[in-house]
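So the structure is just underneath, and the comments pick up after that.
Values quoted throughout were computed directly from the atomic coordinates according to the rules given, and no laboratory measurement underlies them. None of these values were measured; they are calculated from a predicted model. Here the Cβ is made from the backbone with ideal geometry for all residues, glycine too, and neighbour counts use every protein chain on show.
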Amino acid sequence: MKTDRAASPRVTKETPMQRINSDEARSIMLLIVTIGVVGVVIVTAREILAPVCFALVVGIVASPLADRLSGFGVPRSAIAGALLVLTSGILVFSFLLLEPLLATMATRLPEIRTEIESWVQQASGLMRGIEDISKEIEDAVGSNGAEAESPKLPTVMDAIWLAPGLGASVLIFAGTLFFFVLTRADLYNSAGRFSATLFKADRAVARYFLAVTIVNLGLGIATALVMTIIGMKHAMLWGLAASVLNYILYLGPMTLIASLLIAGIVQFSGAYALLPAFCFLCLNLVEAQFVTPAVVGQRLQINPLAVFLAIVLGLWLWGPVGAIVAIPVALWLAVLLQVQFH
């Protein structure tokens, strides 16, 4: 009898703690698989999701204005159409204003090469190192021999090839923005008990971006004034660029500082060429450390590491559009979770 009892298999009963641990493991594995699938979909469908997400962000930011106009009896279709026309006009107007600045910088790349060569020659006394650096600079700007060629501008054929993709993105953006503004209230109301949370998240993000827009406009005006005082060409356009790029935290100001450094090298000589970039750096530091905290306060602030990673992830997934929408999406999700779980 003792031998039979030892040979029989032992059946161990699963404890409640083991059952909880196994459920947690399954949940974690399901979450990992879901994140992987969502990531693949986001990367694969970037041509569709990027304009859709951009349109949703614009609709959320403009939601308080749309709600107020709707309260005054303005039809939702008229509000959606007016917002679409206004947004499209702002984007086109900004591009038309910045296009001369970009074209001027592109046509002056040979001058930038020459100026950088002279700086390298002054800073280094080794002829061999100067020749190597000069060759790298010439290759970077596409020069052949002693004379550098102007960068090749897009041809009509290039524009024709680009037009279908650009046109599709514009149509996706326009359609998403129009129908989201038109049906936003119905969509949120259909979410049941989550509808109030969605409306609250929209209002909070919209208030935040109104404050940020005021700060960015002030930064743009200050940048234009400073660039005018130091004698920079296209001072108004630099102010506009400062206002727009400041929406992209960290990367936007860094991009403008690099652009001002290049423009300073083209326009000025010696140490004075560093002045435009240095002036904007000072303005940006004052704005980031004093003005923005005073205007925005502590509302809707999220971890700086999370902000930076969101921008990098958005830039990697969807390019410049992803960098622009990264902060609004992160803020919206943060407010949504905060309201939901508190």
Check: How much FRET efficiency would the formula 1/(1 + (r/R0)^6) give for M236 and R68, where r is the Cβ-Cβ distance and R0 is 35 Å, rounded to 0.05?
Finding: 0.65
Margin query: Modelling each spin label as a point 7 Å along the Cα-to-Cβ direction, I'd like the L217/V37 distance in nm, to one decimal.
Written below: 4.6
Note to self: Give me a comma-separated list of calculated 3J(HN,Hα) values for region 272-283, in order, Karplus coefficients 6.51, -1.76, 1.60 applied at θ = phi - 60°, integers in Hz, x for any Gly or Pro.
What the structure shows: 4, 5, 7, 4, x, 5, 5, 5, 5, 4, 5, 4
Item checked: Paramagnetic reach from A168 (point 7 Å along Cα→Cβ, amide N under 16 Å) across region 27-43 -> 42-43
Note to self: Taking R0 as 35 Å, what FRET efficiency do you get between A294 and T183 from their Cβ-Cβ distance, rounded to the nearest 0.05?
What the structure shows: 0.40
Notebook entry, point to check: What ranking of M232, M29, M227, M254 emerges when the number of other C-beta atoms within 10 Å of each C-beta is taken as an exposure proxy, fewest first?
Noted result: M29, M254, M232, M227
Checklist line | Inter-label distance, nm, simple model (7 Å from Cα along the C-beta direction), L210/A258 | finding: 3.6
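Give me the Å³ per residue figure for the convex hull around the C-alpha atoms of region 187-304. Please report the intermediate quantities before stating the final value.
Values: hull volume 13.5 nm³, N = 118.
So the per-residue Cα hull volume is 115 Å³.
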Notebook entry, point to check: For region 68-81, what does the Karplus curve 6.51 cos²θ - 1.76 cosθ + 1.60, with θ = phi - 60°, yield as ³J(HN,Hα) per residue in whole Hz, taken in order and with x for Gly and Pro?
Noted result: 5, 5, 5, x, 7, x, 6, x, 4, 5, 5, 5, 4, x
Next item on the list: Rounded to the nearest 0.05, what FRET efficiency do S77 and A271 give with R0 = 41 Å and r taken as the Cβ-Cβ distance? Could you check?
Entry: 0.10
